[in-house]
Amino acid sequence: MNKKLLFNLMALLVVASMLLAACQPAATPTQPPAPAATEPPAAATQPPAAAFKACQVTDTGGIDDKSFNATAWKGVQDAIDQLGIEGKYLESQQQTDYDKNINAFIDEGCNIIITVGFLLGDATKAAAEKNPNQLFSIVDFAYDPPIPNVLGQVFNTNEAGFLAGYVAAGVSKTGKVGTFGGIQIPTVTVFMDGFALGVQHYNEKHGTNVEVLGWDANTQTGLFTGNFESTDDGRTMGETLMDEGADIIMPVAGPVGLGTAAAAKERGNVYIIGVDNDWYVTAPDYKDIILTSVMKYMDVTTFNAIKAAMEGTFQGGVTVGTLENGGVGLAPFHDLDSMVPAELKSELETLKADIIAGKIATSPGEMPKPEATEPPAMAAPTGQLEIFSWWTAGGEADGLNAMYEVFKKMYPEVEIINATVAGGAGQNAKAVLATRMQAGDPPDSFQVHAGHELIDSWVKADKMEPVTFIFEQNGWMDKYPQGVIDILSYNGEIWSVPVNIHRSNVLWYNKAVFDENGLTAPTTWDEFFTIADTLKAKGITPLALGDNGIWATTHLFESILLATLGPDGYKGLWDGSTAWDGDGVKQALEILSRLLTDYINEDHAALSWDQAAQLVADGDAAMTIMGDWVAGYYTSINLEPNVGYGYAPSPGTSGNFIMLSDSFGLPKGAPNRDAAVAWLTLCGSKEGQDAFNPLKGSIPARTDGDRSLYNAYLQSAMDDFGSNTIVPSVAHGAAASEGWVTAINDVMTLFVADLNVDAALQAFVQACTDAGVCK
Ligand code: GAL
């Protein structure tokens, strides 16, 4: 085995594990719900009561991911069959489940726990160190120094990937082959490295010029979907690569690649290289286009770990799968065997022997490094800096000013132009921005919601510069929750710098009014209406609304939708899996209709969100449902949480967090680009975020904010963001494209006027269809 390569791999793993260690959990807004314990499908034989138990914790791809979870599970099943053990698994739906599932298995007395995937590295380490007598084996991870009760299973997939790249280059008709990854972590890029170097080697041998799309092994940059789940993303990536001419594609993203395979099959004359296991077998729908697969025999390593544990010979440390020991390899060409000329096959045999003999480098770590290029030292910016936002109300303007103050201290030579267009949620600003962008007159940087608003409106329209370099230069990749990075990412790049996380589903109430009337915050809509009747009888408006911008009604409505649909149903609205004319949406409209008819201030259409919040502060209204910029507003009028005002999740949404994030982007053609980069660097820094957020009423998007600077409400939001189910806000650009949001706002405008539930349902269905999400 190649020691140098192992060292490089270990170094990468350690660095990456440190990166991941700082990530805050459960921040992906599109993640599925909490896990359910699952019995293994059709356990082979009933084990005796005290049977040896091997228990597998999957990552978010699930047990049937046709990838490493499934392959490791095959190892457990082989152990069930051959060793008569008992085998179980728990599926992790989100990163917060890792600890939970591991601990459940520790409590259950599992003899060995198999954790699957690089992303479980931290959770496994923590559990193993706390429970030194519990045996673990982790797929795709190794620790340096080793942990005595953990056996890491790692694979030199670059060796097999190299063979795959070589054969791909040899059979490509277009002279272009492609690859992309799920998330940019070493266990993914190691495949891509091997593939790219294999193509390069083919070119050197044959004097050809086959191009690799999607990955540059020297600069370690390329295409990533940012997840391991979305087959839609796999399809999009595949289409992009095919449009650019690739006729062989190796997706390294678990089940995401099935979307690529589907797209390739439709297009025709494009072939797929599977990864982890033999896709000809595991994805038979595509067997006519599977050229080969880069195999990682995790079933074998998992089986061996279980066997050793059972026989008392288990040793912690690392086991490395190589071409030499058969831990990695290339799957047969099966039906496409005739596509690969005999000569190429024999070259592959020689190549394999040479790799085993250490004659050929299959990883860029083993190659002479290209000249290191220092980023050019940036002179301190001067001139002007125009920052565009809609932050003019109390709290939001204070937060912005606080950041300007820090900036001015750092760059006294720069004159800041505070370009604001008043109107909550950008109700007016967005139109002004669109006009300017279309006219080629961008500000230096502008406020934009992370998620669809950013990506669909501006990135896809090619109006933005990626800001990945700012993240990299400042070492921020491990300072933000992966879920946040994910929604800022597209085509392997990050497109804006987030300053905060806001919560949308908050009920704010007048503490004194509640105390005097012996009321507590309603936890359901039924409770809300009971309390509301009491308040009405006393002449107090139950719910304040300020929808002089219709977004405020949409905002209220998204909270109601979450209550009637639950987090899964709510999320399903944005991918077409929840019917827009179903009972949950109907019920939500009925609640909204009831509120508008009897419980909301009559002048709502004349007020802004902060004026509605003021009604509550003054005791003229008892409650309002609005994002936590209200906390910033209350701070600006010197009200304290739990004294001047109370707060609770909006009715029926406890345990769920509708999130949105304000970010700043770098438009192409920013007139003062250097100053803009300096501004973005401040926006993403701890100092900038800790200056901004306590006043803004939001929590830092970074994971290392100084908690002591935040009031009781914001501390509770930090806790909830770490533990709740996160779903995206539609009113504030996270869940849906700007066009779709506008259509929903239009439905709301009509509904407020006519309260016609059926008409609204039909209009929602149409809007979803127009958005291209509902078929
Ligand atoms: C939201 C924005 C918040 C706050 C609010 C009211 O869309 O994300 O930062 O400004 O509008 O203006």
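The values are calculated or read from the model by the stated rules, or taken from the named source; none is laboratory data. None of the values given here were measured: they were computed from a predicted structure. A quick note on method: Cβ atoms are made from the backbone with ideal geometry, for glycine too, and the neighbour counts reach across all protein chains shown. For accessibility, only protein heavy atoms count, side chains too; no ligands or nucleic acids. Shrake-Rupley method; radii C 1.70, N 1.55, O 1.52, S 1.80 Å.
Numerical summary
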{"item": "Extension reserve of the Asp754-Gln766 stretch, reckoned as 0.36 nm per residue once the Cα distance is removed", "result": "2.5 nm"}
{"item": "Lys345 versus Leu83: modelled label distance in nm, points set 7 Å from Cα along the beta carbon direction", "result": "3.7 nm"}
{"item": "Percent carbon-and-sulfur accessible area, the stretch 279-322, ignoring ligands, DNA and RNA, probe 1.4 Å", "result": "50 percent"}
{"item": "Relative contact order [Cα under 8 Å, 6+ residues apart], the stretch 546-644, whole percent", "result": "34 percent"}
{"item": "Cβ crowding within 10 Å averaged over residues, with 163-173, 191-201, 299-309 ranked highest first", "result": "191-201, 163-173, 299-309"}
{"item": "Under the Karplus curve 6.51 cos²θ - 1.76 cosθ + 1.60, θ = phi - 60°, whole-Hz ³J(HN,Hα) for the stretch 197-203, x wherever Gly or Pro sits", "result": "6, x, 5, 4, 5, 4, 4"}
{"item": "For the stretch 493-581, accessible area per residue (1.4 Å probe, heavy atoms of protein chains only), Å²", "result": "31 Å²"}
{"item": "Long pairs among Lys125/Lys307; Lys88/Lys287; Lys307/Lys345, criterion Cα-Cα beyond 24 Å", "result": "Lys88/Lys287; Lys307/Lys345"}
{"item": "Cα-only Debye scattering, the stretch 623-775: base-10 log of I(q)/I(0) at q = 0.09, 0.15, 0.20 Å⁻¹", "result": "-0.42, -1.00, -1.25"}
{"item": "Over the chain, relative contact order from alpha-carbon pairs under 8 Å, at least 6 apart, %", "result": "14 percent"}
{"item": "Partner aspartates and glutamates for Lys408 [C-alpha distance under 19 Å; skip if fewer than 8 residues away on the same chain]", "result": "Glu386, Glu396, Asp398, Asp444, Asp674, Glu687, Asp690"}
{"item": "Relative contact order computed over the stretch 419-520 (Cα-Cα under 8 Å; 6+ residues apart), in percent", "result": "22 percent"}
{"item": "Asn500 long-range amide H proximity, modeled H, under 5 Å", "result": "Asp662, Ala701"}
{"item": "Among Gly327, Ala253, Phe514 the positive-end extreme of the charge dipole of the chain (Cβ point charges)", "result": "Gly327"}
{"item": "Whole-number D in µm²/s for the stretch 386-491 (Stokes-Einstein; Kirkwood sum over Cα pairs; 10 °C, 1.306 mPa s)", "result": "103 µm²/s"}
{"item": "Rg/Rh ratio calculated on Cα atoms of the stretch 161-304 (Kirkwood radius)", "result": "0.95"}
{"item": "Karplus-derived HN-Hα couplings along the stretch 435-443 (A = 6.51, B = -1.76, C = 1.60, θ = phi - 60°), whole Hz, x at Gly and Pro", "result": "4, 5, 5, 5, 7, x, 10, x, x"}
{"item": "Per-residue HN-Hα couplings for the stretch 213-226 [Karplus 6.51, -1.76, 1.60; θ = phi - 60°; Hz; x = Gly/Pro]", "result": "9, x, 7, 10, 5, 6, 8, 6, 10, x, 8, 9, 7, x"}
{"item": "Folded to 0 to 90 degrees: helix 231-243 orientation relative to the chain principal axis, Cα", "result": "70 degrees"}
{"item": "Nonlocal amide H pairs with Phe224, under 5 Å, H built at 1.01 Å", "result": "Gly181, Gly492"}
{"item": "Shape of the stretch 632-683, Cα gyration tensor, a/c cut at 1.5", "result": "oblate"}
{"item": "Angle between the chain longest axis and helix 738-754 axis [Cα atoms, degrees, rounded to 10]", "result": "30 degrees"}
{"item": "Helix 757-770 axis, angle to the chain major axis (alpha carbon atoms, nearest 10°)", "result": "40 degrees"}
{"item": "Whole-number D in µm² s⁻¹ for the chain, Kirkwood Cα-pair radius fed into Stokes-Einstein, 37 °C, 0.692 mPa s", "result": "118 µm²/s"}
{"item": "Debye intensity ratio in log₁₀ form over the Cα atoms of the stretch 579-670, taken at each q of 0.24 Å⁻¹", "result": "-1.35"}
{"item": "Residue pairs, from the table Lys463/Lys571; Lys511/Lys696; Lys66/Lys352; Lys296/Lys571; Lys265/Lys460; Lys74/Lys359, whose Cα atoms sit over 30 Å apart", "result": "Lys296/Lys571; Lys74/Lys359"}
{"item": "The chain - charge dipole about Cα centre, Lys and Arg +1 at Cβ, Asp and Glu -1, debye rounded to 20", "result": "1120 debye"}
{"item": "Sequence ranges 113-124, 609-620, 517-528, 447-458, ranked by mean other-Cβ count within 10 angstrom, highest first", "result": "113-124, 447-458, 609-620, 517-528"}
{"item": "Three-way shape call for the stretch 732-775 based on the alpha-carbon gyration tensor, with the a/c threshold at 1.5", "result": "oblate"}
{"item": "Anisotropy class of the stretch 431-512 from Cα gyration tensor, a/c 1.5 cut", "result": "oblate"}
{"item": "Rounded to 5, percent antiparallel among DSSP beta bridges of the chain", "result": "35 percent"}
